[in-house]
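The structure appears right after this line, and notes come after that.
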Amino acid sequence: MLATTTAETTGAAFRSVLIIDDHPLFCDALSMTLKALSPIDEIATASCLQAALDRIETAGQPDLVVLDLNLPDVNGLDGLVRLRNATRASIVVVSSMADNRIITSVIQAGAAGFVPKHSPREVFREAMDTLARGGIYIPAGYDLLEAGGTADRLDAIQRLALLTAQQARILQLICEGKLNKQIAFELSIAETTVKAHVTAIMRKLGVQSRTQAVLLAGEASFASVLQIQGGHA
């Protein structure tokens, strides 16, 4: 159980924390846990990635971001990549998708740690201590996989990491099947601006068409991450 009323500080140097999760009760419980473990001055929450990005832009950079992978406005690891591009804060993924393949991919995508959801308080303490020292936290019982088995996905993640936050958002809309005119309307920008972004996206991703861009983005999806050789998920 996450909630606690006993103050047990770790000495971690995280004064401001942003929790991104669409479950209010979990946010409340996690907030209580983190406050009990560290002398945090401010904990903010966001229920989706875009709300988190907007907060970072208007309220400034947090010291630590706690990110759930399952958000209503992201698909797979693209949310983590977009967040990594938007903040210099340490990012720890807290997710129920605790699998060595998922953990390996989130670390490759720029996270500084992974904590399975509903872990005991001690695991969160270890994670915060490790991140505060500049380390990468992997919970006991889990291992990072060899890069050889994830070469295509790692290459896709590295290319996606080259995109700006706006370009990543446009790519997400392309993956949803939106046309340039629809993207322009949704983002309140000119269609010519969308076209320029699409050109830049394809150049950065090293692809020649929108379809190829969608396929490359699919390499960073959960389905790809969890795919076992032989075609089973």
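Key figures
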quantity: Residue within the range 132-143 that is modelled with pLDDT of 85 or more, part of a helix (DSSP H, G or I) and among the β-branched types (Val, Ile, Thr) present; calculated: no
quantity: Selection within the range 176-186 - crowded, with 16+ Cβ neighbours inside 10 Å and within 18 Å of residue 164 (Cα to Cα); calculated: 180, 183, 184
quantity: Meets criteria (among the charged types (D, E, K, R), out of contact with any Phe, Trp or Tyr (no Cβ under 6 Å at 6 or more places or on another chain) and in the same structural domain as residue 74 (by TED's automatic domain parsing)) for residue 126; calculated: yes
quantity: Condition check for residue 189: without any contact (Cβ under 8 Å) to a residue 24 or more places away in the chain and farther than 26 Å from residue 64 by Cβ; calculated: yes
quantity: Count of the range 159-186 residues which are among the hydroxyl-bearing types (Ser, Thr, Tyr) and either in contact with a Cys (Cβ under 6 Å, 6 or more places away or on another chain) or without any contact (Cβ under 8 Å) to a residue 40 or more places away in the chain (or both); calculated: 0
quantity: Candidates 84, 88 - the one that is under 20 Å from residue 205 (Cβ atoms), at pLDDT 80 or above, out of contact with any Leu (no Cβ under 8 Å at 6 or more places or on another chain) and assigned by TED's automatic domain parsing to the domain that holds residue 51; calculated: 84
quantity: Output for the range 63-80, where each listed residue is among the polar types (S, T, N, Q) and either buried (at least 24 other Cβ atoms within 10 Å of the Cβ) or at pLDDT below 85 (or both); calculated: 75
quantity: From 40, 56, residue being within 23 Å of residue 24 (Cβ to Cβ), in contact with a Ser or Thr (Cβ under 6 Å, 6 or more places away or on another chain), at pLDDT 85 or above and surrounded by fewer than 22 Cβ atoms within 10 Å (Cβ to Cβ); calculated: 56
quantity: Whichever residue in the range 65-124 is part of a loop (DSSP other than H, G, I, E, B) and among the acidic types (Asp, Glu) and, among such residues, is farthest from residue 54 (Cα to Cα); calculated: 99
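The values are calculated or read from the model by the stated rules, or taken from the named source; none is laboratory data. Computed from a prediction, not measured in an experiment: that's the story for all the values here. Every residue, glycine among them, receives a Cβ derived from its backbone with ideal geometry; neighbour counts consider all protein chains shown.
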